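Every number here is computed from the coordinates shown, using simple stated rules; none is lab data. None of these values were measured; they are calculated from a predicted model. We place every Cβ from the backbone using ideal geometry, glycine too, and count neighbours over all the protein chains shown.
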Amino acid sequence: MISQLLKKIIKNTLNTSNFSIEELRGGFSKQVYKITTQADNFILYIWQRPHDNKLTENQTRGIEYLFPDGFTYYTHNSKLLTDLGIRVPHILTAGYHADGDFDYAIVEYFKGQNMYEYMNSVGNTGAVADKIMEVMGRMAAKKRSFYGPPVKNKPIDISPGQLVYDFTAEELNIASKLDKDIADIQPNILHLMQQKMNEITETKNQEYSLIHGELTPDHVYILENGEVGLIDVDGVKYFDVEFDWALINLTYGNMMPIPKSINTEKFEFYKLCWKIEYVSVATDYLINVDGNHNWFRNSREKNLRDLKLMMF
């Protein structure tokens, strides 16, 4: 994966030939590497789809408005958030690698702890909850009359709730074709989704706030100076804030207090959809890539169990 040409780019960017490269994470579309030199550490992102022809791709219309992904989104959003005074890794260099047909970026390595590490070592999420919510509030204050990635300048003719419903229903359909347990409950889950979506009351002249899109603990850093930093900002978009808060609540529980301004019906609908998506992604990965992957196996079992409980 790390070609000689890319190693030359790293050498010229960091002005050293004495470095090592360690893979940190192989994602669905982006691989993450740690570059270590004698003086410092850096992160290398490579945008490429390593599981093509293995994982089932969701073809829902408008999916790029819901889950923007890739180099263009990352570089644009990094500048946007920096301009808003939000800490994201500084980009040293970025471009397209013709030999391997992938995009790349070499960026700052945050000095501090991500929230997983912070919770395991310090344990007091409440001590930094206000700082995280302040960053979210700064983003949410930036609004637009239509939803989608900041690079999109035209609206799509479907409500955000309907788009999430369509995407989640397709994810459920994908998982149902792979797993009989999921197929058995598919009609009931679809009915529950429809019921919760119908309970949502929309306001007139809707405005959409800027959200991160996946504010899980590995994407939030508590830096050495006490600041909050965000990584993996490809998916930043204008959307319902409840979409972000649903995932935050599933991840952090009561450690992150939910704002009183949240639309409860939207919040509950999006929580249900996140659970279904986690089941589908985990099932797809376990069947088509690695059936022994502990994280995906545990995620599938927990969220499938929760879905079954929600039906009764």
Fill in the blank from the handout: Given (i) 29; (ii) 14; (iii) 9 as possible values of percent of Cα pairs over 38 Å apart, the one from the coordinates is (ii)
Problem - Model label zone, T37; criterion: amide N under 17 Å from point 7 Å along Cα-to-beta-carbon; scope the stretch 8-31 - result: 8-22
Fill in the blank from the handout: Placing each pseudo-label 7 Å from Cα in the direction of the beta carbon, D99 and N153 end up separated by a distance in nanometres of 3.7 nm
Problem - Angle between the chain longest axis and helix 180-198 axis [Cα atoms, degrees, rounded to 10] - result: 80 degrees
Fill in the blank from the handout: To the nearest 10 degrees, the tilt of helix 294-310 (Cα long axis) against the first principal axis of the alpha carbons of the chain is 20 degrees
Exercise for the section: Assuming a ≥ b ≥ c are the square roots of the Cα gyration tensor eigenvalues, decide whether the stretch 198-312 counts as rounded (a/c under 1.5), prolate (otherwise, with a/b larger than b/c) or oblate. Expected result: oblate
Handout entry: Rotationally averaged projected area of the stretch 115-234 (alpha carbon convex hull; nm²)
Key = 10.7 nm²
Exercise for the section: Could you give the size of the charge dipole of the chain about its Cα centre, using +1 on the Cβ of each K and R and -1 on the Cβ of each D and E, expressed in debye and rounded to the nearest 20? Expected result: 300 debye
Problem - 0 to 90° range, to nearest 10: angle between helix 264-288 axis and the chain longest Cα axis - result: 60 degrees
Fill in the blank from the handout: Among N225, N114, N58, the residue with the largest mean-square fluctuation in a Gaussian network model of the chain built from Cα contacts under 10 Å is N225
Exercise for the section: Find how many whole Å separate the alpha carbon centroid of the stretch 129-184 from the alpha carbon centroid of the stretch 12-88. Expected result: 20 Å
Fill in the blank from the handout: Surpassing 18 Å at the alpha-carbon level, of the pairs K196/K266; K131/K266; K271/K302; K7/K34; K30/K302; K196/K275, are K131/K266; K30/K302
Completion exercise
Per the helix-only model, the chain has a calculated mean residue ellipticity at 222 nm (DSSP H runs of ≥4, -39500 (n - 2.57) each, divided over all residues, rounded to the nearest 500) of -14500 deg cm²/dmol
Practice task
Sticking with the crude label model, points 7 Å out along Cα→Cβ, report the distance from L24 to Q186 in nm, one decimal please.
Solution key: 3.8 nm
Fill in the blank from the handout: With a ≥ b ≥ c from the Cα gyration tensor eigenvalues, square-rooted, and the rule rounded for a/c under 1.5, otherwise prolate when a/b > b/c and oblate otherwise, the stretch 63-160 is oblate
Exercise for the section: Obtain the nm distance between the two label points defined at L223 and T72 by a simple spin-label model: each point lies 7 Å from its Cα along the Cα-to-C-beta direction. Expected result: 2.9 nm
Fill in the blank from the handout: In whole Hz, the Karplus estimates of ³J(HN,Hα) for the stretch 162-178 (6.51, -1.76, 1.60; θ = phi - 60°; x where Gly or Pro) are 5, 4, 5, 4, 4, 5, 5, 4, 5, 4, 5, 5, 4, 5, 5, 6, 9
Problem - Computed magnitude of the charge dipole of the stretch 5-158 (debye, nearest 20; Cβ of K, R +1, Cβ of D, E -1) - result: 340 debye
Problem - Percentage relative contact order, the stretch 5-101, counting C-alpha pairs under 8 Å, at least six apart - result: 18 percent
